[in-house]
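Down below is the structure, laid out as structure tokens.
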Amino acid sequence: MTDEIKLVLFDMDNVLCDYDRGKRVARLAELAGTSNEFVHNAIWDSGFEQLGDSGALDAEDYLRGFGERIGYPLSLAEWVEARRRSMQADRAMLEIAGQLRRTVEIAILTNNTTLVADHIDTLLPELRPLFGSKIYTSAQFKTAKPDPRCFRLCLSELNVKPETVLFVDDLAANVAGAREAGLFAHHHRSAATFRQALSERGLLAAG
């Protein structure tokens, strides 16, 4: 039906993997000898994580600031390990990605610090065989979803036009941002509904 789609662009957390922030927070709290609530407030409720996602802080400053906020000199290895604990591959979605790549390009755009892309082979090793080098974090574009600029800069890097891209994300705001940038977009709820949407577009066989 829609042979104009040349690339499917995936969000990562809660699309290609189940992301449980609680597990990450618990590990960080354990390391810092403090409470889960303190860590969550210091990093997520304070807006600090957004500074990393948007590239306002480079990787070094982000990691140092992260440790300062939780009151513990967090090492890179510890940050990666805590992040890894929170992620579990969604096998059904990875299977769909594997099928798609036979006929269209596939890539990832995730709201995250560049540390995630730099250490993706440790965090979620299942991604590299499917996506190769096309794993992008918002921080490298100095902005974050749902800002339409984030999508446009990513597509410029990929050298594709917005009207040839289908984006999939679990957050409605990001879906809206993608559409504002001129992409087609799917609000992700399950692998089954995503497969159905792809089937309706002629991108995957039904079933």
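The values are calculated or read from the model by the stated rules, or taken from the named source; none is laboratory data. All values reported here derive from a predicted model rather than from experimental measurement. Cβ coordinates were reconstructed from backbone atoms using ideal geometry, including for glycine residues, and neighbour counts include every protein chain displayed.
Residues that are assigned to a loop (DSSP other than H, G, I, E, B) and modelled with pLDDT of 95 or more were ranked within the stretch 181-202; the one that is nearest to Thr110 (Cα to Cα) is His188.
From the residues in the stretch 116-142 that are polar (S, T, N, Q) and crowded, with 20+ Cβ neighbours inside 10 Å, which one is farthest from the chain's Cα centre (by Cα)? Break it down into steps so the answer makes sense when it comes.
Residues of the stretch 116-142 that are polar (S, T, N, Q), as a first pass: 122, 133, 137-138, 140.
Now drop any that are not crowded, with 20+ Cβ neighbours inside 10 Å, which leaves 137-138.
On the way: Thr137: 7, Ser138: 8 Å.
Going through the qualifying residues, I end up with Ser138.
Within the stretch 25-45, residues that are free of Cβ contacts under 8 Å to residues at least 24 places away in the same chain and over 14 Å from Ala82 (Cβ atoms) have Cβ atoms under 9 Å from residues that are of a type in the set (Asp, Glu) and part of a helix (DSSP H, G or I) in no pair, counting only partners at least 6 apart in sequence or on another chain. Per the conditions (1) buried (at least 16 other Cβ atoms within 10 Å of the Cβ); (2) outside any helix (DSSP H, G or I), the sole criterion not satisfied by Ala178 is (2). Report yes if Gly22 is without any contact (Cβ under 8 Å) to a residue 12 or more places away in the chain, more than 23 Å from Phe184 (Cα to Cα) and assigned to a helix (DSSP H, G or I), otherwise no. The answer is no for Gly22. Restricting attention to the stretch 57-83 and to residues that are part of a loop (DSSP other than H, G, I, E, B) and in contact (Cβ under 8 Å) with a residue 40 or more places away in the chain, the residue that is nearest to Asp118 (Cα to Cα) turns out to be Asp58. Of the helices (runs of 4 or more DSSP H) that lie entirely inside the stretch 111-159, those containing 1 or more residues that are polar (S, T, N, Q) and more than 19 Å from Arg85 (Cβ to Cβ) span 114-118, 148-158.
If you check Arg83 against the conditions, is it on the phi < 0 side of the Ramachandran plot and in contact with a His (Cβ under 9 Å, 6 or more places away or on another chain)? Considered against the rule, which asks whether it is on the phi < 0 side of the Ramachandran plot and in contact with a His (Cβ under 9 Å, 6 or more places away or on another chain), Arg83 comes out as yes. Within the stretch 154-183, the set of residues being of a type in the set (A, V, I, L, M) and either under 22 Å from Arg101 (Cα atoms) or under 13 Å from the mean Cα position of the chain (by Cα) (or both) comprises Leu155, Leu158, Val160, Val165, Leu166, Val168, Leu171, Val175, Ala178, Leu183.
Taking residues in the stretch 181-207 that are closer than 20 Å to Leu155 by Cα and of a type in the set (S, T, N, Q), and partners anywhere that are part of a helix (DSSP H, G or I) and modelled with pLDDT of 95 or more, not one pair has Cβ atoms closer than 9 Å while being at least 6 places apart or on different chains. When each of Arg69, Arg102, Arg91, Arg64 is tested for being within 14 Å of Leu28 (Cβ to Cβ), among the basic types (Lys, Arg) and surrounded by fewer than 20 Cβ atoms within 10 Å (Cβ to Cβ), the lone residue that passes is Arg69.
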